[in-house]
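Written out below as structure tokens is the structure these notes cover.
The values are calculated or read from the model by the stated rules, or taken from the named source; none is laboratory data. Since we're looking at a predicted model, the values are computed, not measured. Here the Cβ is made from the backbone with ideal geometry for all residues, glycine too, and neighbour counts use every protein chain on show. Just so you know, the surface numbers come from the protein's heavy atoms only, side chains and all, with ligands and any DNA or RNA stripped out. Shrake-Rupley method; radii C 1.70, N 1.55, O 1.52, S 1.80 Å.
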Number of protein chains: 4
Amino acid sequence: MTLRAGLLGVGMMGRHHARVLREIDGIDLVAIADPGGDPHGVAGDLEILPDIDALIAAGIDIAVVAVPTQYHEDAALKLAAAGVHTLVEKPIAHSIDAGQRMVDAFTSAGLVGAVGHIERFNPAVQELRRRIEAGDLGAVYQVVTRRQGPFPARIADVGVGKDLASHDVDLTAWVVQSDYETVFAQTAFKSGREHEDMITITGRTASGVIVNNIVNWLSPMKERLTVVTGEKGAFVADTSTGDLTFYANGTFPLEWESVSSFRGVSEGDVTRYAFAKREPLRVEHEAFRDAVLGHETDVVTMAQGLRTLAVVEAALDSARSNAVVVL
Amino acid sequence: MTLRAGLLGVGMMGRHHARVLREIDGIDLVAIADPGGDPHGVAGDLEILPDIDALIAAGIDIAVVAVPTQYHEDAALKLAAAGVHTLVEKPIAHSIDAGQRMVDAFTSAGLVGAVGHIERFNPAVQELRRRIEAGDLGAVYQVVTRRQGPFPARIADVGVGKDLASHDVDLTAWVVQSDYETVFAQTAFKSGREHEDMITITGRTASGVIVNNIVNWLSPMKERLTVVTGEKGAFVADTSTGDLTFYANGTFPLEWESVSSFRGVSEGDVTRYAFAKREPLRVEHEAFRDAVLGHETDVVTMAQGLRTLAVVEAALDSARSNAVVVL
Amino acid sequence: MTLRAGLLGVGMMGRHHARVLREIDGIDLVAIADPGGDPHGVAGDLEILPDIDALIAAGIDIAVVAVPTQYHEDAALKLAAAGVHTLVEKPIAHSIDAGQRMVDAFTSAGLVGAVGHIERFNPAVQELRRRIEAGDLGAVYQVVTRRQGPFPARIADVGVGKDLASHDVDLTAWVVQSDYETVFAQTAFKSGREHEDMITITGRTASGVIVNNIVNWLSPMKERLTVVTGEKGAFVADTSTGDLTFYANGTFPLEWESVSSFRGVSEGDVTRYAFAKREPLRVEHEAFRDAVLGHETDVVTMAQGLRTLAVVEAALDSARSNAVVVL
Amino acid sequence: MTLRAGLLGVGMMGRHHARVLREIDGIDLVAIADPGGDPHGVAGDLEILPDIDALIAAGIDIAVVAVPTQYHEDAALKLAAAGVHTLVEKPIAHSIDAGQRMVDAFTSAGLVGAVGHIERFNPAVQELRRRIEAGDLGAVYQVVTRRQGPFPARIADVGVGKDLASHDVDLTAWVVQSDYETVFAQTAFKSGREHEDMITITGRTASGVIVNNIVNWLSPMKERLTVVTGEKGAFVADTSTGDLTFYANGTFPLEWESVSSFRGVSEGDVTRYAFAKREPLRVEHEAFRDAVLGHETDVVTMAQGLRTLAVVEAALDSARSNAVVVL
């Protein structure tokens, strides 16, 4: 069976969705809609339809929604009503309430509703999850993420919390398989916009793992790092290169003084693993496709996407009120 | 004038104090006391005196106190009473109250009371401070420190908060010239000791700088990093190598796609500066000596050492109560 | 005036030429020929012509030749005879004699004949050349290149000397503006092919610069580095990231012993420069276009491409005879 | 049995020999001689004797010779005549003939004669040798060393070839267990001294391994690297940090294009091994002690030290004559 796919939005992200929808097996991209036309020229033989209603009218099984966040709810509710499995770009919605309505609509319709937190599908994070599941780290103590870089040119209708920190919240909770429970954040507004451009969070998951997310658009150097420290050592996942490195706990004390001054009192093996590095967007689409086909996958569900949005909102509230928020 | 110096304690740190007290100009090491004898064989021609009273009786102008934290107060108060300028190892004392009594004693005696937060004297941090003072960064937005590594063999009578995070609090507040005002922390106890071995703090200084300190004895890799992000870029100080690197904000947009994917949307110059790298302990001692001689220096005063202890205590309270502490 | 361009060969490299010929100003890609058809689907509206004669018959001002090396001569001589300015992929030809005939044909026809040694157009190498020209390094003492990595999947009809080391020879000679004069090389054949898969060269340019090229398809780690050491320090150009870093000679002696053990006796500033990073193939095409338009450019001339081939042949001869070759 | 040790020379290296001779088991440092006195104050309770004759007269079993190279022969021959096992600093002697006389003297006397090529005893090189012996790399294809850095303050009576490249020749031949057979070198003289300050060698061992040594005192950045490429991957040994890293050949093709552009077409695991890192000088002394005691060790024999000197002389000849030298 080949799924007939529709794509709403062919802007910066949408053009990549178009390419991947055309590349992977089991999917036919049959319709594209974008009220703004086709700025990147991805239509090919397809007509650019004017809106979500025309997209649905084209007769589709699945849809990808890649329009600005404020339009997610409207499109998603119409797609749910039409019986179309849907993947919306992250964040799930412009508000918790809107996100909740989307979750409810897809749940009651028995449809797959998914959110595009693509970093979860980065090969480094996928391999990290597999190795933690396999017990390579033992008990997990702490997850620290750093997602920093210069201000992107693309106009964003949200702050860096929803745009970037939502990646960290999603992947952290997924990697340790436990939701954020306590958050405290500080934010800064330095670029003259109404939304924050820097957020730093310290908190804890329900399972007791300490979490720390350092996220901003104010750093000259780009970083996409997740450091997970546990009983047997530490993993460092770099999603910009797709690398996963394991620092094993020290087995050899360092007696040579000129080395121990910068290396520490002991050393263990350090291994950067080789593994298949597939394009994250492709893996995300395959997970969505397989979920639609009834297979078990680690697709980001709308319920998870909503929880992630709630955590980010809680962090922003925390920064405003200078108080801890317990979710 | 040559200052007659006495040293209390010749353990792991004390032996280094003995060496430096003998190396620098203007100081004569005339007396050493340690109830535990001389395990590292640093006495040379000097007799090892039994206690602080014998040290004071040797007739000294200045003293260095390098015994376990719980004995700081007793030694310091006797030295103040005897009119001896004193440098105590960090943390200043085992309790806020004890630290306050020390501050009061040295203040009322008109003596220099100093605390050995040696990381402030690391060449990377000294150069960082100089360059921020010179305006190289413009407004400071955030200070993030990472001080991680394996559990040290030396027995510590305190947790990692007082032992290591106190360095971060001292140097952060000094570098931005503003005290911590708000702190929230999470801690972990994984080594079977009564004290924490992991602490992660998010907070803010009185001047509005976001602070974040990631400190533990549970990491296989040693890190000693301070990242200061501001208006014109970011400084990274590595105190294990004494390096200071500046990442200037991007001036060139990156149009070559295979590079921009991991480098970000723009780049600025990245410069690791060359500068004189002097041994931190030596610089600390010279600052103490010069303060005693009446010159203006950036010695860590006992008042600053007490504030640092208060911040760390507040962070530990915050972790226990799961609530923000405003100092 | 817009130049009418023809492209011969749309394999791995040819498809990139097609894209760039369509992107840059002042050129119209009007004809494509490939006896093997269009495996990557780059033709668009154009018919895929069967051969070079058909390409010439399409009426073109300039041509890009991206077919296997053994076919370069035939295509180039026909293009020269037809008055078409031509860029052939590197190496220029399968033999010195063939290359000489190509040089002669384009010279006597008064046409631009160029060779696609693309690494010269890497932003790191371009910036390196600019800074050396500006005197930033003072006298140049040595150029060391490392071009290593795993065996590529694409079938190559030449050894690693002509395929990769020819990049190093071209860029080294261009950067120091002096030809190789003395070469000695060692080679290894480890993959069961008739051509070498490892070559290591030590030699000297006419101007007296020591050259060293370490090139192979037998290394698990990919490296694309050029290190130029001179009077004032050293430049390191990384063409895989497009980075250029300058290590200035030491100005500060290192007195802190725990640092000097790994950093050396002195340090100078280390600067990774920011500069415009344009796609090398695009810069190569613009240089070719501008040369055709009569402007002065640093296009790789066929005479230079021939000299580079002669240097590589000399190195291979040297390895076979275990003797130095003076060109 | 405890060996009575004598030390000739307590300059820069001699002081470290004094410390280590006092630290290790089975050796008593009973006599020190230095015509220049005791500039670093290492004598302790010992009298500083005036010359080699006085040192021998003190009644010693073993001796360490750490005086300038030109005095090695005289001291060594007297020690051999007196039946004293001897370790001389590298290079073995100021000339091949002198070295040959030393080898002959110790051989005919049935004494251990050793040379202090300390880099062989660096933990990274020791571990590298162990792993190659164990077959971790399979067949060895190439050894490339880089030994670069700024000009050292200490006055040297030899060029960088004998002073530094001799380390590379010794460790390369030892690691692959085969002597250099073919060498070609280029040298530069940039510091106004009669000896070279830059040497770059390409050659081959008797067993067919390609060798390449890049050595100079003209680089701002300090490097101490040995890269061994073979059948199963590549080892990188860094003797400034004592690290050994293995890059395994690629097992996973890289299909994600934004990563493969800088990482190459495939990847294997990369592992920085943990192992005991002991001070090289101590390991060297223990190997010498054990050889004296009749145990099999990898001490650098005078015959090996002489071969290394011959290789370096051949390389210098090669540079002067611009011709290959076959040893």
Problem - Copy-to-copy label separations for D:P35, where each label sits 7 Å from Cα toward Cβ, in nm and ascending - result: 5.6, 8.0, 9.5
Handout entry: Magnitude of the charge dipole, chain D, Cβ model with Lys/Arg +1 and Asp/Glu -1, debye to 20
Key = 500
Problem - Virtual spin-label span in nm between C:E231 and D:A43, 7 Å along Cα→Cβ - result: 4.8
Exercise for the section: Leaving out ligands and nucleic acids, note down the accessible area per residue over segment C:179-327 with a 1.4 angstrom probe, in whole Å². Expected result: 34
Practice task
Sequence neighbours fewer than 8 away in the same chain don't count; with that in mind, list the lysines whose C-alpha is under 16 Å from A:K162.
Solution key: A:K90
Problem - Degrees, to the nearest 10: B:123-133 long Cα axis against longest axis of chain B - result: 60
Fill in the blank from the handout: So for segment C:274-315, using the alpha carbon gyration tensor with a ≥ b ≥ c as root eigenvalues (a/c under 1.5 gives rounded; past that, a/b versus b/c decides prolate or oblate), I'd call it oblate
Handout entry: Burial of 40 Å² or greater, segment B:172-188 residues [accessible area, probe 1.4 Å, versus chain by itself]
Key = B:F184, B:Q186
Handout entry: Charge sum, other residues only, whose C-beta stays under 13 Å from A:G36's C-beta, Lys/Arg counted +1 and Asp/Glu -1
Key = -2
Fill in the blank from the handout: With the 8 Å Cα cutoff and a minimum separation of six or more residues, segment A:34-119 has a relative contact order in percent of 25
Practice task
From other protein chains only, count the Cβ atoms within 10 Å of every residue's Cβ in C:140-147, then give the mean.
Solution key: 3
Handout entry: Rough spin-label spacing in nm, given labels placed 7 Å along Cα→Cβ, for C:D157 and B:E255
Key = 3.5
Exercise for the section: Determine the share of the protein assembly as shown's accessible area contributed by carbon and sulfur atoms, expressed in whole percent, with a 1.4 angstrom probe. Expected result: 49
Exercise for the section: Given the options A:A276, A:A165, A:A109, state which has the largest fluctuation in a GNM of chain A using a 10 Å cut-off (strictly under) for Cα springs. Expected result: A:A276
Exercise for the section: Work out the mean other chain Cβ neighbour count within 10 Å for the residues of C:274-280 and drop it here as an integer. Expected result: 6
Practice task
Report the local net charge at B:S95: Lys and Arg +1, Asp and Glu -1, summed over other residues whose C-beta lies under 10 Å from its C-beta.
Solution key: -2
Fill in the blank from the handout: With a 29 Å threshold on alpha-carbon distance, the violating pairs from A:K190/B:K222; A:K190/D:K222; A:K222/C:K222 are A:K190/B:K222; A:K190/D:K222
Completion exercise
Output row C,D: buried area (accessible, probe 1.4 Å, summed both chains) in Å², nearest hundred, equals 3800
Exercise for the section: With a 1.4 Å probe and every protein chain left in place, work out the accessible area per residue of segment A:3-111 in Å², rounded to a whole number. Expected result: 41
Problem - Share antiparallel - DSSP beta bridges, chain D, percent rounded to 5 - result: 60
Problem - Per-residue mean of C-beta atoms belonging to partner chains within 10 Å, peptide D:202-212 - result: 4
Handout entry: Set of aspartates and glutamates with alpha-carbon distance to A:K232 below 20 Å, sequence-local pairs under 8 removed
Key = A:E127, A:E133, A:D136, A:D243, A:E267, A:D269, B:E196, B:D197, B:E223, D:D269
Completion exercise
Rounded to the nearest 5, the percent of antiparallel DSSP beta bridges in the protein assembly as shown equals 60
Exercise for the section: Calculate the spin-label point distance for A:D51 paired with B:R193, positioning each point 7 Å from the Cα along the beta-carbon direction, and give it in nanometres. Expected result: 6.6
Completion exercise
For B:4-16, C:12-24, ranked highest to lowest by mean beta-carbon neighbours within 10 Å, the order is B:4-16, C:12-24
Problem - Cα shape, the protein assembly as shown, gyration tensor, a/c 1.5 rule - result: oblate
Problem - Most mobile listed residue (A:S266, A:S240, A:S95) in chain A, GNM with C-alpha springs under 10 Å - result: A:S266
Problem - Shape of segment C:183-243, Cα gyration tensor, a/c cut at 1.5 - result: oblate
Exercise for the section: At q = 0.14, 0.16, 0.22 Å⁻¹, work out log10 I(q)/I(0) for segment B:3-111 with the Debye formula, treating every Cα as an identical point scatterer and leaving solvent out; two decimals please. Expected result: -0.49, -0.64, -1.19
Problem - Pseudo-label separations to other copies for C:S108 - Cα-to-Cβ vector, 7 Å, nm - result: 7.5, 8.6, 10.7
Practice task
Starting with the highest mean, order B:71-79, B:256-264 by the number of other Cβ atoms within 10 Å, averaged over the residues of each peptide.
Solution key: B:71-79, B:256-264
Problem - Residues whose placed amide H lies under 5 Å from that of C:G233, excluding near-sequence neighbours - result: C:N249
Practice task
Average the reciprocal distances over every distinct pair of alpha-carbons in chain A, invert the result, and give the Kirkwood radius in Å.
Solution key: 20.8
Handout entry: At 7 Å out from Cα toward Cβ: A:G138 inter-copy label distances (nm, ascending)
Key = 3.6, 4.7, 5.5
